[in-house]
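Accompanying notes for the structure given below.
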There are 4 protein chains.
Amino acid sequence: MTQQTTQPLRIGDREFTSRLFVGTGKFSSNEAMRDAAAASGTELVTVALKRANLSGDSDPFANILDFLESDRYLILPNTSGAMNAEEAVRIARLAAAAGLPKWVKLEIHPDPNYLLPDPIETLAAAETLVKEGFTVMPYINADPVLALRLQDVGCATVMPLGAPIGSNRGIETRAQIEIIIEQARVPVVVDAGIGAPSHAAAAMEMGADAVLVNTAIAIASDPAAMARAFAKATQAGREAYEIGLGATSSKAEASSPLTAFLNA
Amino acid sequence: MTQQTTQPLRIGDREFTSRLFVGTGKFSSNEAMRDAAAASGTELVTVALKRANLSGDSDPFANILDFLESDRYLILPNTSGAMNAEEAVRIARLAAAAGLPKWVKLEIHPDPNYLLPDPIETLAAAETLVKEGFTVMPYINADPVLALRLQDVGCATVMPLGAPIGSNRGIETRAQIEIIIEQARVPVVVDAGIGAPSHAAAAMEMGADAVLVNTAIAIASDPAAMARAFAKATQAGREAYEIGLGATSSKAEASSPLTAFLNA
Amino acid sequence: MTQQTTQPLRIGDREFTSRLFVGTGKFSSNEAMRDAAAASGTELVTVALKRANLSGDSDPFANILDFLESDRYLILPNTSGAMNAEEAVRIARLAAAAGLPKWVKLEIHPDPNYLLPDPIETLAAAETLVKEGFTVMPYINADPVLALRLQDVGCATVMPLGAPIGSNRGIETRAQIEIIIEQARVPVVVDAGIGAPSHAAAAMEMGADAVLVNTAIAIASDPAAMARAFAKATQAGREAYEIGLGATSSKAEASSPLTAFLNA
Amino acid sequence: MTQQTTQPLRIGDREFTSRLFVGTGKFSSNEAMRDAAAASGTELVTVALKRANLSGDSDPFANILDFLESDRYLILPNTSGAMNAEEAVRIARLAAAAGLPKWVKLEIHPDPNYLLPDPIETLAAAETLVKEGFTVMPYINADPVLALRLQDVGCATVMPLGAPIGSNRGIETRAQIEIIIEQARVPVVVDAGIGAPSHAAAAMEMGADAVLVNTAIAIASDPAAMARAFAKATQAGREAYEIGLGATSSKAEASSPLTAFLNA
């Protein structure tokens, strides 16, 4: 495992060494998911309640929690599939009642094509859940004003999307995310759209505090190897951010001396 | 050091484990350069003849070769500062005569503002030097036809630029480099413009065989740490390329199941 | 004036021949504003209430309405400067009470640096004003779900931003605006960020129904000439959209025949 | 026809009012081509020799010149299909011998997939043809050093590509074309890749002197209407360039006053 040397990240009452968070959907098996999570070095894994339920029904992924050591990872229940605040709140409460951490990744996306988040319902659910003591991490469009409002009601992070979930298109919302980062008082986690290690590195170089990756790892031919690649790129981007990247310039600047060596 | 697990890269008669090549200009000291080269894990270091000369003049960098172990790195002399083919050929011959490897990074850039390479002079010099037995690695504009012609005359690689030298602007010539890679029969090394680890990762994900980085490492506040960041990103990008990245899509694809869990 | 041959645009109970809407801020004088509006061929001019008030105070622009023929233009009051829904509603009512059309461009932007719109307050104000019979045109972040919700409550258009107001950066939110257009049941007007005629043309080519331009015209050395340039580009983009633009391709396709003419 | 008010463009001994040049390939008929050329307002039409030949063979387009009034347009023979300098020179001479203007658009593209130009052969052919008295307009990759060399040997323009011919992808080589324009001593005509009116406008706003469009007009469902759209966009972009576009800014700048109007 690559040594981690960057600053730790604090969210709520937890501290994270790795700035790569991973999702658990779309893997071919729970074993593949487990191995990829381990390979990624992550300390935060998000799980949809359906996958994590205890109902014993026939979903082959129903026992997903058996594959995730709770002392190694923070299990972050998410509300994927919720159409409105009421449903999201209900899911979060069920997760907590089932013994999962009182954390929640709020995902409220009424539109089935693009799975884009609903700003109104998300803010409403966030207010309710923060009051109930949840550590709330909302998935949002890259909307700087919404990001501030969610911080105002006590969210622990904001999680703006780079591009639609599963699209692998990278950080299409760069200009807006730069504003969110500039104004943020809580960690900013870039979520959705991160389809390649270079995207993860770029997010970190912009000053994002973490990235969440799922599809690009889960559907790779070798998820564990891809998880390692994302881990390296995330570290690389963060390291570069902490060291400080040079400004861009419009003219060239010689990296080799252009003196009259031929006359030497 | 991160473990390297990707395919080795062959150029001429050499094989490289690391796909990150580094330059030696712009460092604050030879010591800083040496440490950054070591931290990068590179096996190829390019040196301008002036820096590497043996004339004993007062250039504080004149003894740069003392800082580079020749059994650890391939020392690649470059012709930076050459205005035409004749000058470049002369520099290459001087380097070989001085005992440096019979390899050359051809850089012929008559324009002082952007240091962009001259396609005509570069092809002429390449033809001459290949005939003389040099392993020739030409720095070029991202011109697919020129890249093919340089391969036709026997160049060992082509090194298209991403953006002007030292500009840190990344891969502005992406569309052209994609064509160069698609058509290449020799390794493609993206050179110039790589200003952040995410740029290096992106080049590798596109299928470039290696990247050459100088300014972004040399001018960092901590060059060795920045070199490590570039090394990780380069590996991450290459690993993702070898594993295979998913296609991008215009619609979202849920990474969590969207079934009716509330009814479960 | 260039002849307009594209389909008319219907918003609320009005029909527009021109798809270029203009703002009235930042001009050096009311005369310059009047001439630019005339040159633009627009039929919709937006006016901040302060500029349009009837209080007779010392604002040199206070009599702006004297410069805008109400039979030539729809005067669209905007709520620029409103910090929340309550203020925006108050401004809209004042404008209507003062005899202005019962239309309103909702602009609620609590942040003074980027003037980005507040999704929560905008939706709240929209609901109220639609119920009061206003034709409501909300300025919003490029948030597809918010756009749908505003349509659900009866807004006459949605006006997503391309980039922050006055930034001249063009359509940075392209991917999100494409989704908004695809899903829209009302006209989509791209607002803010349109800094060059090419940006206006690009918005129309994407399928936007209209664009709103202010800063780029107002601060030009010759606002009337710049307004004409924007008018041409807006028409050109719309015409191309209606005719249908070709798909892009990754390979070249010869536009000249490549047959063996030398043997002819 | 829209009135043209921008500065005239001088190339060689000719002056052009319109800055839109058009090609004649890919049209469904000579009639469609003729009507589109007329609708575009162009004064320069480029024709491949094969199309323009006088051999009376069975090519349905062989009599293309009958459809182009030589007092209305400068007929610019192009060497499309030439694989090297020798072939291009031969075509140019044939065209001149057949009575066409002693002008030539040099196109030498050995690669059949991308039709990208060969820098070496293009420079060689340009040198020969300039010496023979031709007005030479070379189609080139967006290579600033090559552009300068072609100017040094007496070319009347340089014609860098925005993207591969027929790809409709727009100006992918923007950064390189900006340098070409900055350094140019002759008109710069952006050629290839211009697939939408917004691309033509953007090229002109960057300071290009003209654009050449073929595929996007020829394959449109209504080529004459599309030609008019390109004409308007080209004019709009040029007008904006001559008037002067505002700088972009990272922060917003209010276009409406943000004073305390509610207290008025």
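Say we look at the stretch A:204-242 and pick out the residues that are among the acidic types (Asp, Glu) and not in a helix (DSSP H, G or I); which of these is surrounded by the fewest Cβ atoms within 10 Å (Cβ to Cβ)?
Filtering the stretch A:204-242 for residues that are among the acidic types (Asp, Glu) and not in a helix (DSSP H, G or I), the one surrounded by the fewest Cβ atoms within 10 Å (Cβ to Cβ) comes out as A:Asp222.
Out of curiosity, is B:Asn113 in contact with a Lys or Arg (Cβ under 6 Å, 6 or more places away or on another chain) and either among the β-branched types (Val, Ile, Thr) or facing chain A (nearest Cβ under 10 Å) (or both)?
So B:Asn113 passes the test.
Exactly one of these conditions fails for B:Glu172: (1) at pLDDT below 95; (2) within 12 Å of chain A (Cβ to nearest Cβ); (3) out of contact with any helix residue (DSSP H, G or I) (no Cβ under 6 Å at 6 or more places or on another chain); (4) under 25 Å from D:Asp111 (Cα atoms). Give me its number.
(3)
For residues that are open to solvent by less than 10 Å² (accessible area, probe 1.4 Å), in a loop (DSSP other than H, G, I, E, B) and touching a residue at least 40 places away in the same chain (Cβ under 8 Å), scanning just the stretch D:139-165, find the one that is farthest from D:Leu44 (Cα to Cα).
Among those that are open to solvent by less than 10 Å² (accessible area, probe 1.4 Å), in a loop (DSSP other than H, G, I, E, B) and touching a residue at least 40 places away in the same chain (Cβ under 8 Å), it is D:Pro164.
Would you point out the residue of the stretch A:87-102, among those that are among the small types (Gly, Ala, Ser) and more than 13 Å from chain B (Cβ to nearest Cβ), that is surrounded by the most Cβ atoms within 10 Å (Cβ to Cβ)?
Here the answer is A:Ala96.
Filter the stretch B:202-247 for residues that are of a type outside the set (A, V, I, L, M, F, W, C) and touching a Leu at 6+ places or on another chain (Cβ under 7 Å); which is nearest to the other protein chains (Cβ to nearest Cβ)?
Ranking the candidates gives B:Glu205 first.
Considering only residues that are under 26 Å from A:Ile219 (Cα atoms) and part of a loop (DSSP other than H, G, I, E, B), which ones fall in the stretch A:166-193?
Scanning the stretch A:166-193 gives A:Gly166, A:Ser167, A:Asn168, A:Arg169, A:Gly170, A:Ile171, A:Glu172, A:Thr173, A:Ala192, A:Gly193.
Among the residues of the stretch D:139-151, is any over 24 Å from B:Asn84 (Cβ atoms) and more than 13 Å from every other protein chain (Cβ to nearest Cβ)?
So far as the stretch D:139-151 goes, no, none of its residues is over 24 Å from B:Asn84 (Cβ atoms) and more than 13 Å from every other protein chain (Cβ to nearest Cβ).
Name the single residue that is nearest to the other protein chains (Cβ to nearest Cβ) among those in the stretch D:36-60 being surrounded by fewer than 21 Cβ atoms within 10 Å (Cβ to Cβ) and modelled with pLDDT of 95 or more.
The extreme case among them is D:Ala38.
Restricting attention to the stretch C:68-86, and to residues there that are more than 18 Å from the chain's Cα centre (by Cα) and surrounded by 19 or more Cβ atoms within 10 Å (Cβ to Cβ), which single residue is farthest from C:Ser18 (Cα to Cα)?
C:Ala85
With respect to B:Pro101, determine if the residue is assigned to a strand (DSSP E or B) and of a type outside the set (D, E, K, R).
no
Which members of the stretch C:61-83 meet the condition of being within 11 Å of chain D (Cβ to nearest Cβ) and among the polar types (S, T, N, Q)?
Within the stretch C:61-83, C:Asn78, C:Thr79, C:Ser80 qualify.
Any residue in the stretch A:83-96 that is under 13 Å from A:Val136 (Cβ atoms) sitting within a Cβ distance under 8 Å of a residue that is open to solvent by 90 Å² or more (accessible area, probe 1.4 Å)? List the pairs, counting only those 6 or more apart or interchain.
Sorted first by the residue in the stretch A:83-96, then by its partner, the pairs are A:Ala96/A:Lys102.
Identify all residues within the stretch C:76-100 that are farther than 21 Å from C:Ile120 by Cα and either in contact with a Lys or Arg (Cβ under 6 Å, 6 or more places away or on another chain) or acidic (Asp, Glu) (or both); write none if there are none.
C:Leu76, C:Ala96
How about the stretch A:103-133: which of its residues are at pLDDT 95 or above and surrounded by fewer than 24 Cβ atoms within 10 Å (Cβ to Cβ)?
Residues satisfying the conditions are A:Ile120, A:Glu121, A:Leu123, A:Ala124, A:Glu127, A:Thr128, A:Val130, A:Lys131, A:Glu132, A:Gly133.
Among (1) farther than 23 Å from C:Ser167 by Cα; (2) open to solvent by 10 Å² or more (accessible area, probe 1.4 Å); (3) not hydroxyl-bearing (Ser, Thr, Tyr), there is one condition A:Arg174 misses while meeting the rest; what is its number?
(1)
Search the stretch D:185-195 for residues being at negative phi and surrounded by 20 or more Cβ atoms within 10 Å (Cβ to Cβ), and hand back the single one that is nearest to the other protein chains (Cβ to nearest Cβ).
D:Gly195
The values are calculated or read from the model by the stated rules, or taken from the named source; none is laboratory data. Just so it is clear, the structure is predicted and the values come from calculations on it, not from any experiment. All Cβ positions, glycine included, derive from the backbone under ideal geometry; neighbour counts span all protein chains shown. Just so you know, the surface numbers come from the protein's heavy atoms only, side chains and all, with ligands and any DNA or RNA stripped out. Shrake-Rupley method; radii C 1.70, N 1.55, O 1.52, S 1.80 Å.
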